[in-house]
Amino acid sequence: MESDQVQKILNGDVLAAAKLIRDIENENPDISSVVETLRTHAGTAFTVGVTGAAGSGKSTLLGHLVRYFRKNRNMAVGVIAVDPSSSLTGGAFLGDRLRIQSEDVDEGVFIRSLASRGWKGGLSKSASDVVLVMDAMGKDIIFVEAVGSGQADVDIAGIVDTCIGVLVPGMGDDIQLMKAGIVEVADIIVVNKADREGAGSLKALLEAVIDMKEQSPAAWKPSVLLTQATTGKGTEELGEAILSHKEHLTKSGELDKKHKKR
Ligand SMILES: Nc1nc2c(ncn2[C@@H]2O[C@H](COP(=O)(O)OP(=O)(O)OP(=O)(O)O)[C@@H](O)[C@H]2O)c(=O)[nH]1
Ligand SMILES: [Mg+2]
């Protein structure tokens, strides 16, 4: 039974994976040995967290990133949307909400939404188990979308290889936002809604804050990108920035370390 389920997931079986993910979401204790077995087969996927305030455009950006990595880079893509309030499962509604066009979804794209309300083990435990399932399925790159609220940013950053923080101009006190932790944990900062006033100055401010931090020359310096997710402007550059960060992690040996730790 159990090895059958493991084998199916390793073969990329969507139904078997969906069932296991539902059990992870419900914190069903019976599945821990399946998860542990899968762990021995996983560890090759590159993982990317996308955090930011509600409505900052994370899902719209993800729609473009899925297309970029699937179409331009021919990679198998997984997407996990952590929804703090509601429970959604599969289907067109999920795709709609994730703002991913159906023509961009083929057998190489697997999307799941997780409701995190009431998780006892916390966001990072369940989300990282779901990442593991998608990794075992053979996905090359896995995105985790989560609404950022200080701690959630930090939680997500702890389970992914690259952390993207999404900000938008005109949300009031920019310095407050930065103190909230995005600058601390993000490898790439996106100023989305670049069509709005103040995007350029927010980018400049972020760059100044980053420059003020003391860093060794070999360390990764977070990049700040302007995007307009509604049109897709800047999103290919975002895809390329993710690959640059991946290359940095690979060359410095950090990627190996992160994956071993997991
Ligand atoms: N003007 C403008 N609107 C945008 C841009 N990107 C996204 N939006 C709009 O912002 C709204 C929220 O976009 P989503 O992608 O759902 O944002 P989100 O961060 O995923 O939202 P939650 O998942 O609810 O936290 C939608 O109405 C988008 O059309 C942009 O670059 N410019
Ligand atoms: Mg969203």
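Residue by residue, here is whether (1) at pLDDT below 95; (2) not in a helix (DSSP H, G or I) holds:
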residue: ALA157; (1), (2): yes, no
residue: MET171; (1), (2): yes, yes
residue: ILE175; (1), (2): yes, no
residue: MET178; (1), (2): yes, no
residue: ILE182; (1), (2): yes, no
residue: LEU202; (1), (2): yes, no
residue: GLU240; (1), (2): no, no
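For residues in region 186-243 being polar (S, T, N, Q), in contact with a His (Cβ under 9 Å, 6 or more places away or on another chain) and in contact (Cβ under 8 Å) with a residue 60 or more places away in the chain, which is farthest from GLY170 (Cα to Cα)?
For region 186-243, the residue satisfying everything is THR235.
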Hits in region 43-55 - residues which are modelled with pLDDT of 90 or more and buried (at least 21 other Cβ atoms within 10 Å of the Cβ): ALA45, PHE46, THR47, VAL48, GLY49, VAL50
Cβ pairs under 7 Å, 6+ apart, first in region 91-119 and on the phi > 0 side of the Ramachandran plot, second at pLDDT 70 or above and within 13 Å of ligand 1 (Cβ to nearest atom): ARG99/SER59; ARG99/THR60; ARG99/GLY63
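The values are calculated or read from the model by the stated rules, or taken from the named source; none is laboratory data. Every value quoted in this text rests on a predicted model; they were computed, and no experiment measured them. In this analysis, Cβ positions are derived from the backbone assuming ideal geometry, glycine residues included, and neighbour counts consider all displayed protein chains.
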